[in-house]
Amino acid sequence: MNTPAQYSDEELVALVAVGNHDAFQTLMARHARLVFSVAYRHLGVREDAEDIVQDTFTRVLKAAPRYRPDAPFRTYLLTIVTRLCLNRRARANTRSEETRDPMSEVFRRVQTHGPSPEEVLLQDERARAVRRAILALPEDQRMALILFRFEGLSYEAIAVLLGRRVSAITSLLWRARQRLRAELISYVA
């Protein structure tokens, strides 16, 4: 007898549709990191990304009986994540990461005998600058960039997810890169 881990995603969704809890847990274990990664890169706030993970899998659970594998499950999942992220940003201004104490992470890492305090501060400054620059991109550019650069999706797959033509995705990514290059020029050695 097969265990849920041996099934494809599409087979797992079919099992979830008939109430198989283990199949749902397997789907979550396989894809929670992907969902969190996309949500965090889009929203920039850990707690919001964690909420998106919960909301995404709640939707998968509720929609399982209606799921039709017209596209790979990963594409279906990324569509849900993308819409939830865009909706969350549209509903309210998210908390800024800058309102938290950015030095607490620096002090924690310095105490572990890692890089020097100056190196840690420089790395953190660069990371925050990149994160701010990505978060400052227009919604469509940001999501296209995240899906392409961080999730490795093709232009065609992104076009399907965002409901755009491939030529529009090419343009979005070009504009996103230009904005990031201009914003981060001072960090290029």
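The values are calculated or read from the model by the stated rules, or taken from the named source; none is laboratory data. Quantities reported herein were computed from a predicted structural model and do not represent experimental measurements. Neighbour counts are summed over all protein chains in view; Cβ atoms, including those assigned to glycine, are modelled from backbone coordinates with ideal geometry.
Taken over segment 1-37, the residue count meeting the criterion of being modelled with pLDDT under 90 and among the aliphatic types (A, V, I, L, M) is 2.
Picking from residues in segment 1-43 that are buried (at least 19 other Cβ atoms within 10 Å of the Cβ) and in contact with a Ser or Thr (Cβ under 7 Å, 6 or more places away or on another chain), the one that is nearest to Leu135 (Cα to Cα) is Leu43. When segment 148-180 is filtered for residues that are free of Cβ contacts under 8 Å to residues at least 12 places away in the same chain and closer than 17 Å to Phe73 by Cβ, the ones remaining, listed by number, are Gly152, Ser154. Checking each residue in segment 155-175 for being within 17 Å of Leu137 (Cβ to Cβ) and not in a helix (DSSP H, G or I) picks out only Arg164. If the condition is being within 15 Å of the chain's Cα centre (by Cα) and assigned to a loop (DSSP other than H, G, I, E, B), then segment 25-73 contributes Gly44, Val45.
So that you can scan it fast, the table gives a plain yes or no per residue for (1) modelled with pLDDT of 90 or more; (2) surrounded by fewer than 18 Cβ atoms within 10 Å (Cβ to Cβ); (3) under 19 Å from Val45 (Cα atoms):
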position	(1), (2), (3)
Arg128	no, yes, yes
Ile134	no, no, yes
Phe150	no, yes, yes
Leu161	no, no, no
Arg177	yes, yes, no
Ala189	no, yes, no
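Sub-6 Å Cβ pairs linking a first residue in segment 18-29 that is more than 20 Å from Pro72 (Cβ to Cβ) to a second residue that is part of a helix (DSSP H, G or I) and not β-branched (Val, Ile, Thr), at least 6 apart or interchain, are Asp22/Pro4, ordered by first then second residue. Condition test on Ile146, is it within 18 Å of Phe36 (Cα to Cα), out of contact with any strand residue (DSSP E or B) (no Cβ under 9 Å at 6 or more places or on another chain) and of a type in the set (A, V, I, L, M, F, W, C)? Yes, satisfied. Residues that are part of a helix (DSSP H, G or I) and either touching a strand residue (DSSP E or B) at 6+ places or on another chain (Cβ under 7 Å) or of a type outside the set (A, V, I, L, M, F, W, C) (or both) within segment 124-142 comprise Asp124, Glu125, Arg126, Arg128, Arg131, Arg132, Glu139, Asp140, Gln141, Arg142, listed in sequence order.
Scanning segment 44-81 for residues that are in contact with a helix residue (DSSP H, G or I) (Cβ under 6 Å, 6 or more places away or on another chain), surrounded by fewer than 21 Cβ atoms within 10 Å (Cβ to Cβ) and within 18 Å of Ala157 (Cβ to Cβ) yields Pro69, Phe73, Thr79, Ile80.
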